[in-house]
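Below is one structure, written out as C-alpha cells; comments come after it.
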Amino acid sequence: MEDFDQTEELYVGDYIVQHESIAFEIPPKPITKKDMARSEFMDDMTTLFEVWAVFELTALTLPQIGVAKKGFLFSEYHGNMNSEAKTGVSIALNPKIISKSKEMHLSIETCPSVDGGETAYLVKRHDEIVVQYQTLRETEPTISKLTGVKADSFQYAMDMLDGIFICDSGSPIKVTEDQIQLFKETEYKDEE
C-alpha cells in the first residue's frame, strides 16, 4: 500500500473494490505453489494485511483489493483493534467450509465493498463451522472448528469469494455509531 499521511482522511473506496465493480465478475482462482513463490503474490498479501489493519476490518478478501485469487484474512475482533489484536489475524488460502452446524444466529455486519461499510446488515450465520485452508507457511491444509466472530468472519469471506455480498444475503438495519460500538465491545465477550 502506498505511503499515506496519517492526518489525511482515508476513504475505503480508494483501497477496497466496491461491489458494483467489474472486478467481482472474475471468479477467484485457487492459489498455487507457483503463485506463492512469486514476489507479486507476497506484495498482494502485504497489501491485504495493510488495508485490513488500516481500516480495522474483521475480514478482507483478495478480490476486495482487486486480486482474483481465493484467499483472505480473518480475525476474531471487531474494529478498534489494539496492536495485540492486529497480530491475531489468520490467513486462509484456498479455503473451504467442510461442515456447518444446523444452529444459526443473526450477525450484525458491515462490508467495506458495500457502500464503504456505512450500512449495517443482519445476516444469518451458522454458529459453528469446520473449515479447511492453507497458510503461507504450511503446505498441508489446516482443519479448524470455528465459532463466534471468527466463524462469522470466515463465512463472510467465503461469501465474498463466491460473489455473495451482505446486501444480497442480509437485511439492512439502521443503527447508530454508539450501538455499533457497544455491539463490537460486547459480542462474544463470554468467549474470551
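Enumerate the calculated ³J(HN,Hα) couplings along region 133-140 in order (Karplus 6.51 cos²θ - 1.76 cosθ + 1.60, θ = phi - 60°), each rounded to whole Hz, writing x wherever the residue is Gly or Pro.
Ordered by residue, 3J(HN,Hα) equals 7, 9, 10, 6, 9, 9, 7, 8 Hz.
Of K124, K33, how do they rank once you tally other Cβ atoms within 10 Å and put the fewest first?
K33, K124
Could you tell me the calculated FRET efficiency between E140 and S171, based on Cβ-Cβ distance and R0 = 25 angstrom, to the nearest 0.05?
0.05
Fewest to most neighbouring Cβ within 10 Å: what's the order for H105, H126?
The order, fewest Cβ neighbours first, is H105, H126.
Please go through region 108-137 and write out the GluC sites (Glu not before Pro) that DSSP classes as loop and that have at most 11 other C-beta atoms within 10 Å.
Passing both the DSSP loop test and the Cβ count: E118.
Taking amide H atoms as placed 1.01 Å from N in the peptide plane, list the residues 5 or more away in sequence, or in a different chain, whose amide H sits under 5 Å from that of K70.
Under 5 Å from the amide H of K70: K29, I31, N94.
Would you list R125, R137, R38 from fewest to most Cβ contacts within 10 Å?
Listing R125, R137, R38 from fewest to most nearby Cβ atoms yields R137, R38, R125.
Quick note: the coordinates plus some simple rules give every number you see, no bench work behind them. Just so it is clear, the structure is predicted and the values come from calculations on it, not from any experiment. Counting neighbours? That spans all protein chains shown, and the Cβs are built from the backbone with ideal geometry, glycine included.
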